[in-house]
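The values are calculated or read from the model by the stated rules, or taken from the named source; none is laboratory data. Nothing here was measured: the structure is a model prediction, and the numbers come from that model. Areas reflect the complete protein model, heavy atoms only, side chains present, ligands, DNA and RNA absent. Shrake-Rupley method; radii C 1.70, N 1.55, O 1.52, S 1.80 Å.
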Amino acid sequence: MTKQRRVVFARINRRNNTLGIRPFADDMRALADSRLTTFVVPATPERPARAWYAADMRLAMGDDFMTGVLGYSVVDQKRYFDPDSWSWIKGATEDSDAASQDTVVPFAVDLREHNRRAVIGSTFCGPSTCHGSTRAN
């Protein structure tokens with residue numbers, strides 16, 4: 001059975017500003033350099049607030065695209081197996097506020113002026129898993 005993955009596409013619209021409008025690519029480069037790429041989604045009764053970060057942004061394919069990683073961290077507790085007592089219950093625990101492969105995804109933005117499209121993947125491939133790969137599973 002083939003796994004299905006969801007990919008989200010969006011078009012980025014900008015308000016026209018007649019006072020010194022810059023090319024879209026320049027605006028995106030300035031945004032990436034500023035590191036002002038955080039958005040907080042307020043808490044709801046069903047889930048806590050989440051701070052999303054767009055990071056690791058770099059130009060690709062002749063400066064026509066910007067790629068990066070979008071994600072948020074979650075509070076989680078890890079429990080280690082205790083081999084001396086042969087027990088999970090007696091194992092040490094560790095709290096973390098970190099991202100995981102379930103909370104980060106790759107993204108790309110088409111910087112060409114008449115395209116301005118963004119794509120957000122549903123799976124993250126790190127440097128050791130699919131770097132340079134074209135697999136689609």
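Numbers below:
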item: In Hz, Karplus ³J(HN,Hα) per residue of region 42-54 (6.51, -1.76, 1.60; θ = phi - 60°; x = Gly, Pro); result: x, 5, 10, x, 8, 8, x, 4, 10, 9, 8, 10, 9
item: Percent accessible area from carbon and sulfur atoms, region 43-120, protein chains only, probe 1.4 Å; result: 54
